[in-house]
1. Condition first: among the small types (G, A, S), assigned to a helix (DSSP H, G or I), surrounded by 10 or more Cβ atoms within 10 Å (Cβ to Cβ) and without any contact (Cβ under 8 Å) to a residue 60 or more places away in the chain. Can you find one or more residues in segment 156-166 that meet it?
2. Note down all Cβ pairs under 9 Å where the first residue falls in segment 63-81 and is within 14 Å of S36 (Cα to Cα) and assigned by TED's automatic domain parsing to the domain that holds S36, the second is assigned to a helix (DSSP H, G or I) and of a type outside the set (S, T, N, Q), and they're at least six residues apart or on different chains.
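The values are calculated or read from the model by the stated rules, or taken from the named source; none is laboratory data. The shown structure was predicted, so the numbers you read here are calculated from the model rather than taken from an experiment. Cβ coordinates were reconstructed from backbone atoms using ideal geometry, including for glycine residues, and neighbour counts include every protein chain displayed.
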Amino acid sequence: MGFGEAFLRLAEASNDDELKFVQNFADAFVYIYRMSLGDNSTDAYEMSVQSTYIWILFVFAGILMSIVLLNLLIAIISLSFERINEKADLAAFQERARIIFENQYLIPNYVKRSLDDKNKFLGIIIDATAIKDQQEDQTSLKLNQLEIMIKDQYDTSKNDFLRLSQQQDEIKKQLSIQQELLQKILKAQKIN
């Protein structure tokens, strides 16, 4: 963008619009982009008022953009190389194992037994997804049990609350009956 701005300002130094090789900032940006891709149209430089400065800027921009693009290319290639090298050891071991497996019939059994150190290497292969699924199943089972227990506790609490509410209503009814009886007794005593 800086080079585009510089080319725009140098092109604006020309008073004649036909001599301007860059008309606006967008045009300057496109000009620099095309220059980075190798499109080097330098026809309008000679007719410009400040052709020396434009040529110096052109050379400087060309060198700098080439360096930047080469650095980008090196970074991309080194990243790919690094990814391939990470997998190289694994691929080598897999290939060795495949060759040994394919050619194991060539080695007599007594030689195999003499080379075999008993209980030196123990390899257990377990399907990790099955273990994960089993753990998830156990977890979901525990969650389901917990959910059932909470629902049972909720139902029990709800039933207890309803029972207590009914008992409270019964007590209120008995209390109101007792109050009515008491009022009748008090009225009867006042009359006598």
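1. Looking through segment 156-166, at least one residue is among the small types (G, A, S), assigned to a helix (DSSP H, G or I), surrounded by 10 or more Cβ atoms within 10 Å (Cβ to Cβ) and without any contact (Cβ under 8 Å) to a residue 60 or more places away in the chain.
2. L64/F3; M65/F3; M65/I32; M65/M35
For every residue, the table says whether it meets (1) surrounded by 10 or more Cβ atoms within 10 Å (Cβ to Cβ); (2) on the phi < 0 side of the Ramachandran plot; (3) among the aliphatic types (A, V, I, L, M); (4) modelled with pLDDT of 75 or more.
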residue: N71; (1), (2), (3), (4): yes, yes, no, yes
residue: A91; (1), (2), (3), (4): yes, yes, yes, yes
residue: F101; (1), (2), (3), (4): no, yes, no, yes
residue: Q104; (1), (2), (3), (4): no, yes, no, yes
residue: L115; (1), (2), (3), (4): no, yes, yes, no
residue: K118; (1), (2), (3), (4): no, yes, no, no
residue: F121; (1), (2), (3), (4): no, yes, no, no
residue: Q134; (1), (2), (3), (4): yes, yes, no, yes
residue: D137; (1), (2), (3), (4): yes, yes, no, yes
